[in-house]
1. At 1.4 Å probe size, with every protein chain present, just tell me what the per residue accessible area of the chain comes to in Å².
2. Calculate the spin-label point distance for ASP49 paired with GLU19, positioning each point 7 Å from the Cα along the beta-carbon direction, and give it in nanometres.
3. Please label the shape of segment 79-180 as rounded, prolate or oblate, based on the square roots a ≥ b ≥ c of the eigenvalues of the alpha-carbon gyration tensor (a/c under 1.5 means rounded; beyond that, a/b larger than b/c means prolate, else oblate).
4. For the chain, calculate the relative contact order in percent as a whole number, restricting contacts to Cα pairs under 8 Å that are 6 or more residues apart.
5. Go through segment 131-178 and name the chymotrypsin sites (Phe, Trp or Tyr not before Pro) that are in a DSSP coil and have 15 or fewer other Cβ atoms within 10 Å of their Cβ.
6. Using a probe of 1.4 angstrom, how much of the accessible area of the chain is carbon and sulfur, in percent?
7. Given the options HIS70, HIS132, HIS20, which has the most mean-square fluctuation in a GNM of the chain, springs set between C-alpha atoms less than 10 angstrom apart?
8. Apply the Karplus parameterisation 6.51 cos²θ - 1.76 cosθ + 1.60, with θ equal to phi minus 60°, to every residue of segment 53-65 and state each ³J(HN,Hα) to the nearest whole Hz, in sequence, with x for glycine and proline.
Amino acid sequence: MAEKFLEIAFTKSVLEAQEHYFGKSQSVENPAPRDELTEEEITFIRARDSFYMATVSESGWPYMQHRGGHAGFLQVVTPTSLAFADYRGNRQLLSTGNLAVNDRVCLFLMDYPQRTRLKILGHARVEDGREHPELVKRYSTPDVQRIVERVFFIDVVSFDWNCQKYVTPRYTAAEVEKACLPLRQRIAELEAPLRHAPAPRISSDANPLTLRIFIINPTPIP
(Lines give C-alpha, C1' and ligand atoms only; values in the text may rest on other atoms or scores of the structure.)
Protein backbone atom coordinates (compact mmCIF):
# COMPACT_ATOMS: atom_id res chain seq x y z
CA MET A 1 0.00 0.00 0.00
CA ALA A 2 1.33 3.45 -0.93
CA GLU A 3 2.12 5.43 2.22
CA LYS A 4 1.06 8.82 0.86
CA PHE A 5 -2.46 7.44 0.42
CA LEU A 6 -2.53 6.45 4.09
CA GLU A 7 -1.26 9.84 5.24
CA ILE A 8 -4.09 11.53 3.33
CA ALA A 9 -6.80 9.06 4.34
CA PHE A 10 -5.87 8.62 8.00
CA THR A 11 -7.21 11.88 9.40
CA LYS A 12 -7.57 12.54 13.13
CA SER A 13 -11.17 11.30 13.16
CA VAL A 14 -10.22 8.16 11.23
CA LEU A 15 -7.45 7.35 13.71
CA GLU A 16 -9.91 7.88 16.57
CA ALA A 17 -12.32 5.43 14.93
CA GLN A 18 -9.51 2.86 14.62
CA GLU A 19 -8.73 3.30 18.31
CA HIS A 20 -12.40 2.86 19.22
CA TYR A 21 -12.91 -0.38 17.28
CA PHE A 22 -9.47 -2.01 17.42
CA GLY A 23 -7.75 -0.46 20.43
CA LYS A 24 -4.94 0.95 18.30
CA SER A 25 -4.42 3.11 15.23
CA GLN A 26 -2.09 2.99 12.26
CA SER A 27 0.56 5.62 11.72
CA VAL A 28 2.58 6.77 8.73
CA GLU A 29 5.89 8.55 9.13
CA ASN A 30 7.55 10.74 6.51
CA PRO A 31 5.85 9.46 3.34
CA ALA A 32 7.01 10.63 -0.07
CA PRO A 33 5.29 13.76 -1.46
CA ARG A 34 3.53 11.49 -3.97
CA ASP A 35 3.48 7.86 -5.06
CA GLU A 36 4.17 7.17 -8.72
CA LEU A 37 2.18 4.50 -10.52
CA THR A 38 4.20 1.34 -11.08
CA GLU A 39 3.93 -1.00 -14.05
CA GLU A 40 1.34 -3.04 -12.13
CA GLU A 41 -1.02 -0.07 -11.75
CA ILE A 42 -0.38 1.15 -15.30
CA THR A 43 -1.23 -2.25 -16.80
CA PHE A 44 -4.38 -2.46 -14.69
CA ILE A 45 -5.57 1.04 -15.67
CA ARG A 46 -5.00 0.45 -19.39
CA ALA A 47 -7.15 -2.68 -19.29
CA ARG A 48 -10.21 -0.97 -17.77
CA ASP A 49 -13.25 0.02 -19.81
CA SER A 50 -14.90 1.93 -16.96
CA PHE A 51 -14.28 3.55 -13.59
CA TYR A 52 -16.01 5.66 -10.94
CA MET A 53 -14.97 9.22 -10.14
CA ALA A 54 -15.73 11.09 -6.92
CA THR A 55 -15.62 14.86 -6.45
CA VAL A 56 -16.78 17.23 -3.70
CA SER A 57 -19.14 20.17 -4.20
CA GLU A 58 -18.61 23.66 -2.80
CA SER A 59 -21.30 22.84 -0.22
CA GLY A 60 -19.28 19.85 0.99
CA TRP A 61 -21.36 17.06 -0.53
CA PRO A 62 -19.54 14.18 -2.27
CA TYR A 63 -20.61 13.12 -5.76
CA MET A 64 -19.81 9.85 -7.53
CA GLN A 65 -20.04 9.43 -11.29
CA HIS A 66 -19.43 6.53 -13.68
CA ARG A 67 -17.26 6.86 -16.77
CA GLY A 68 -16.98 4.26 -19.54
CA GLY A 69 -15.44 3.74 -22.96
CA HIS A 70 -13.12 1.47 -24.90
CA ALA A 71 -10.58 -0.41 -22.79
CA GLY A 72 -7.73 2.02 -22.19
CA PHE A 73 -9.79 5.19 -22.64
CA LEU A 74 -8.38 6.28 -19.28
CA GLN A 75 -4.88 6.99 -20.50
CA VAL A 76 -1.66 6.91 -18.48
CA VAL A 77 0.24 9.96 -19.70
CA THR A 78 3.08 9.61 -17.19
CA PRO A 79 3.49 7.63 -13.93
CA THR A 80 1.94 10.64 -12.15
CA SER A 81 -0.67 11.84 -14.64
CA LEU A 82 -3.82 10.46 -16.30
CA ALA A 83 -6.18 11.82 -18.93
CA PHE A 84 -9.51 10.86 -20.45
CA ALA A 85 -12.00 12.30 -22.90
CA ASP A 86 -15.38 13.19 -21.36
CA TYR A 87 -18.36 12.41 -23.59
CA ARG A 88 -21.56 14.32 -24.12
CA GLY A 89 -24.01 13.48 -21.31
CA ASN A 90 -27.04 14.75 -19.43
CA ARG A 91 -25.90 18.39 -19.37
CA GLN A 92 -25.71 18.54 -15.56
CA LEU A 93 -21.91 19.01 -15.41
CA LEU A 94 -21.75 18.11 -11.72
CA SER A 95 -18.18 16.78 -11.75
CA THR A 96 -16.97 19.64 -13.94
CA GLY A 97 -18.57 22.23 -11.67
CA ASN A 98 -17.27 20.60 -8.51
CA LEU A 99 -13.71 20.54 -9.83
CA ALA A 100 -13.89 24.25 -10.58
CA VAL A 101 -13.95 24.96 -6.81
CA ASN A 102 -12.25 21.85 -5.41
CA ASP A 103 -9.80 20.00 -7.64
CA ARG A 104 -9.52 16.93 -5.39
CA VAL A 105 -10.66 13.74 -7.07
CA CYS A 106 -10.79 10.03 -6.30
CA LEU A 107 -10.97 7.33 -8.97
CA PHE A 108 -12.27 3.85 -8.20
CA LEU A 109 -11.32 1.19 -10.77
CA MET A 110 -12.82 -2.32 -10.69
CA ASP A 111 -11.88 -5.61 -12.30
CA TYR A 112 -14.95 -7.65 -11.37
CA PRO A 113 -13.92 -11.03 -12.86
CA GLN A 114 -10.60 -10.91 -10.96
CA ARG A 115 -12.24 -9.24 -7.92
CA THR A 116 -9.60 -6.51 -7.90
CA ARG A 117 -10.00 -2.80 -7.17
CA LEU A 118 -7.68 0.19 -7.34
CA LYS A 119 -8.26 3.63 -5.79
CA ILE A 120 -6.42 6.72 -7.02
CA LEU A 121 -6.23 10.14 -5.32
CA GLY A 122 -5.26 13.24 -7.24
CA HIS A 123 -5.98 16.74 -8.43
CA ALA A 124 -7.95 17.24 -11.63
CA ARG A 125 -8.48 19.96 -14.18
CA VAL A 126 -10.92 20.15 -17.08
CA GLU A 127 -10.23 21.52 -20.55
CA ASP A 128 -13.05 22.53 -22.92
CA GLY A 129 -12.90 20.41 -26.06
CA ARG A 130 -14.25 23.27 -28.20
CA GLU A 131 -11.27 25.40 -27.24
CA HIS A 132 -8.73 22.57 -27.51
CA PRO A 133 -9.60 20.30 -30.45
CA GLU A 134 -6.01 19.08 -30.47
CA LEU A 135 -6.55 17.55 -27.02
CA VAL A 136 -9.72 15.83 -28.19
CA LYS A 137 -7.78 14.19 -31.03
CA ARG A 138 -4.91 13.21 -28.76
CA TYR A 139 -6.95 11.65 -25.98
CA SER A 140 -9.82 9.98 -27.85
CA THR A 141 -10.29 7.62 -30.77
CA PRO A 142 -11.82 8.83 -34.07
CA ASP A 143 -15.07 6.92 -33.53
CA VAL A 144 -15.99 8.97 -30.42
CA GLN A 145 -14.43 12.37 -31.12
CA ARG A 146 -17.75 13.84 -32.28
CA ILE A 147 -19.24 13.31 -28.79
CA VAL A 148 -16.24 14.50 -26.75
CA GLU A 149 -16.99 17.75 -24.91
CA ARG A 150 -14.12 17.96 -22.43
CA VAL A 151 -10.80 16.39 -21.53
CA PHE A 152 -9.95 15.63 -17.90
CA PHE A 153 -6.37 15.65 -16.63
CA ILE A 154 -5.54 14.08 -13.28
CA ASP A 155 -2.36 14.76 -11.35
CA VAL A 156 -1.88 11.54 -9.36
CA VAL A 157 -0.92 11.93 -5.70
CA SER A 158 -1.23 8.33 -4.54
CA PHE A 159 -3.12 5.05 -4.91
CA ASP A 160 -4.29 2.05 -2.92
CA TRP A 161 -5.20 -1.55 -3.77
CA ASN A 162 -8.13 -3.15 -1.96
CA CYS A 163 -8.45 -6.81 -1.03
CA GLN A 164 -10.83 -9.17 -2.87
CA LYS A 165 -13.09 -9.68 0.10
CA TYR A 166 -16.81 -9.15 -0.61
CA VAL A 167 -16.26 -8.30 -4.29
CA THR A 168 -18.90 -10.14 -6.35
CA PRO A 169 -17.51 -11.42 -9.69
CA ARG A 170 -19.34 -9.92 -12.68
CA TYR A 171 -18.75 -10.38 -16.39
CA THR A 172 -19.42 -8.27 -19.47
CA ALA A 173 -21.25 -9.68 -22.49
CA ALA A 174 -17.92 -9.80 -24.36
CA GLU A 175 -16.26 -11.75 -21.51
CA VAL A 176 -19.14 -14.24 -21.38
CA GLU A 177 -18.99 -14.72 -25.15
CA LYS A 178 -15.23 -15.33 -24.99
CA ALA A 179 -15.67 -17.92 -22.22
CA CYS A 180 -18.45 -19.69 -24.16
CA LEU A 181 -16.62 -19.76 -27.50
CA PRO A 182 -14.77 -23.09 -26.87
CA LEU A 183 -18.08 -24.68 -25.85
CA ARG A 184 -19.80 -23.42 -29.00
CA GLN A 185 -16.96 -24.76 -31.12
CA ARG A 186 -17.13 -28.17 -29.42
CA ILE A 187 -20.89 -28.35 -29.91
CA ALA A 188 -20.44 -27.55 -33.60
CA GLU A 189 -17.84 -30.35 -33.91
CA LEU A 190 -20.21 -32.87 -32.33
CA GLU A 191 -23.18 -31.79 -34.41
CA ALA A 192 -21.33 -31.85 -37.76
CA PRO A 193 -21.41 -35.69 -38.23
CA LEU A 194 -25.09 -35.78 -37.32
CA ARG A 195 -25.98 -33.36 -40.13
CA HIS A 196 -24.59 -35.81 -42.70
CA ALA A 197 -25.87 -39.03 -41.12
CA PRO A 198 -28.72 -40.85 -42.95
CA ALA A 199 -32.17 -40.39 -41.46
CA PRO A 200 -33.50 -43.42 -39.51
CA ARG A 201 -35.86 -45.66 -41.50
CA ILE A 202 -39.16 -46.25 -39.72
CA SER A 203 -41.77 -48.76 -40.88
CA SER A 204 -45.02 -47.17 -41.96
CA ASP A 205 -47.01 -49.62 -39.80
CA ALA A 206 -45.13 -48.77 -36.60
CA ASN A 207 -47.52 -47.78 -33.86
CA PRO A 208 -47.09 -44.36 -32.13
CA LEU A 209 -45.67 -45.88 -28.95
CA THR A 210 -42.98 -47.76 -30.87
CA LEU A 211 -42.17 -44.60 -32.84
CA ARG A 212 -41.63 -42.51 -29.74
CA ILE A 213 -39.37 -45.12 -28.14
CA PHE A 214 -37.36 -45.49 -31.34
CA ILE A 215 -36.65 -41.77 -31.60
CA ILE A 216 -35.60 -41.46 -27.96
CA ASN A 217 -33.49 -44.64 -27.94
CA PRO A 218 -32.40 -45.98 -31.33
CA THR A 219 -31.29 -49.31 -29.79
CA PRO A 220 -33.38 -52.11 -31.38
CA ILE A 221 -36.23 -53.23 -29.16
CA PRO A 222 -36.31 -57.03 -28.63
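The values are calculated or read from the model by the stated rules, or taken from the named source; none is laboratory data. Values in this document were obtained by computation on a predicted structure and should not be read as measured data. Virtual Cβ from ideal backbone geometry, glycine too; neighbours counted across all protein chains shown. Accessible surface is based on the protein model in full, side chains and every heavy atom, while ligands, DNA and RNA are left aside. Shrake-Rupley method; radii C 1.70, N 1.55, O 1.52, S 1.80 Å.
1. Details: 15300 Å² over 222 residues.
On a per-residue basis, the chain sits at 69 Å².
2. Taking the simple label geometry, GLU19 and ASP49 are separated by 4.8 nm.
3. Working: a/c = 2.22, a/b = 1.37, b/c = 1.62.
Oblate is the answer for segment 79-180, as a/c is 1.5 or above yet b/c matches or exceeds a/b.
4. Numbers: 324 pairs, mean separation 42.8, N = 222.
So the answer I get is 19 percent.
5. Working: sites: TYR139, PHE152, PHE153, PHE159, TRP161, TYR166, TYR171; in loops: TYR139, TYR166, TYR171.
For chymotrypsin sites (Phe, Trp or Tyr not before Pro) across segment 131-178 that sit outside H, G, I, E and B with at most 15 neighbouring Cβ atoms in 10 Å, the list reads TYR166, TYR171.
6. Working: 8570 of 15300 Å².
For the chain, the apolar C and S fraction of the accessible surface comes to 56 percent.
7. Result for the chain, Cα springs under 10 Å: HIS20 fluctuates most.
8. Residue by residue, segment 53-65 yields 10, 10, 10, 10, 7, 5, 8, x, 8, x, 9, 10, 9 Hz.
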